[in-house]
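All remarks here apply to the structure that follows.
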Amino acid sequence: MQLNSRLSRDYTGIGTVDFVLSRRARRINITIKDSRSVRVAVPIGVSLQTAEKFFLEHRDWVLKSLHRLKKTEESLQPFFHQNFRTREHTLILMPIDQPDCEYRINSDTIHFFYPSNQSVSEPDIQSKILTALIETWRQEAHRYLPGRVDFLAKQLGLRYNRLFIKNVKSRWGSCSSKNNINLNLQLMRFEDWIIDYIVIHELLHTKIRNHGRKFWNTLEKLVPRTREARQFMKSQRPYSFKSYLK
């Protein structure tokens, strides 16, 4: 079976692996950017079966690499403290005499209730706080992103089909072959100009499908701070605890 362009497959203990046809690749190559992103570059003329066999032969190396990266990422996970702020809300931590955590999202606050006999620094509590923050960012994203995407699309004369907003493990955005735009709800963590960069990046893919020179030259004309934005985004990862990831 020949690979047409891209194919994603799920593997136990690893997650989703993207097999991508690459005209530049001279041999099969496995790239791991973070603990949730595994890419297999497949040269022209190499079958999917051959690429998958190569991947499975290197499965142990992939697992070790993912484990090492996950440890590093967890060490960079922020500590969610009292008065931590999202775009529109302030986190208020409230100890209470009950065994379970719960939260309430109001117009401008997130009241998070946790057992008074536990510390907010415990990983399980931090994970549940992240659950509340993810839901808050989801609500904020649905209020902000649809209008912004529509405005930028009209301003640039680019047309898209549908917009999907999700909590994605590794990508900040994507554009499907049907011109559907997918955005990570955690974009709400960033300033407006960074969000615009990601949105315009994906909208441009409705016209230019690849990441060739023409794409980047066009994007830099549309977003003068493209290089700065790219550098910034390289240092960012979606916040995630294993117990919460969907």
With segment 186-246 as the region, which helices (runs of 4 or more DSSP H) entirely inside it contain at least 3 residues that are within 22 Å of Thr86 (Cα to Cα) and touching a residue at least 12 places away in the same chain (Cβ under 8 Å)? 192-204, 226-234
Across segment 95-128, the tally of residues that are surrounded by 16 or more Cβ atoms within 10 Å (Cβ to Cβ) and in contact with a Cys (Cβ under 8 Å, 6 or more places away or on another chain) stands at 5
Verdict on Asn179 being surrounded by 15 or more Cβ atoms within 10 Å (Cβ to Cβ) and in contact with a His (Cβ under 9 Å, 6 or more places away or on another chain): yes
Here the residues within segment 31-64 that are more than 22 Å from Ser240 (Cβ to Cβ), surrounded by 13 or more Cβ atoms within 10 Å (Cβ to Cβ) and not charged (D, E, K, R) are Val40, Ala41, Val42, Pro43, Val46, Leu48, Thr50, Ala51, Phe54, Phe55, His58
Whether any residue in segment 86-94 is under 22 Å from Thr131 (Cβ atoms), touching a Leu at 6+ places or on another chain (Cβ under 8 Å) and assigned to a loop (DSSP other than H, G, I, E, B) is what I want to check. yes
The listed residue being touching a strand residue (DSSP E or B) at 6+ places or on another chain (Cβ under 8 Å), more than 14 Å from Asp10 (Cα to Cα) and either assigned to a helix (DSSP H, G or I) or touching a residue at least 24 places away in the same chain (Cβ under 8 Å) (or both), out of Ala51, Ala41: Ala51
Any residue at all in segment 152-175 that is loosely packed, with under 12 Cβ neighbours inside 10 Å, closer than 24 Å to Phe190 by Cα, polar (S, T, N, Q) and not assigned by TED's automatic domain parsing to the domain that holds Ile32? yes
Residues Phe84, Phe79: which one is at pLDDT 95 or above and either in the same structural domain as Leu187 (by TED's automatic domain parsing) or within 24 Å of the chain's Cα centre (by Cα) (or both)? Phe84
Being hydroxyl-bearing (Ser, Thr, Tyr) and closer than 30 Å to His111 by Cβ, is that true of even one residue in segment 71-79? yes
Pick from segment 114-137, criterion in a helix (DSSP H, G or I) and of a type in the set (Val, Ile, Thr), ranking: farthest from Phe164 (Cα to Cα): Ile125
Matching residues in segment 142-185 (of a type in the set (Phe, Trp, Tyr) and over 15 Å from the mean Cα position of the chain (by Cα)) number 3
Which condition does Glu140 not pass, out of (1) part of a helix (DSSP H, G or I); (2) touching a helix residue (DSSP H, G or I) at 6+ places or on another chain (Cβ under 8 Å); (3) more than 22 Å from Glu88 (Cβ to Cβ); (4) not basic (Lys, Arg), if it passes all the others? (3)
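The values are calculated or read from the model by the stated rules, or taken from the named source; none is laboratory data. Just so you know, these numbers come straight off a predicted model, no measurement behind them. Cβ sites come from the backbone with ideal geometry, for glycine too, and all protein chains shown count toward neighbours.
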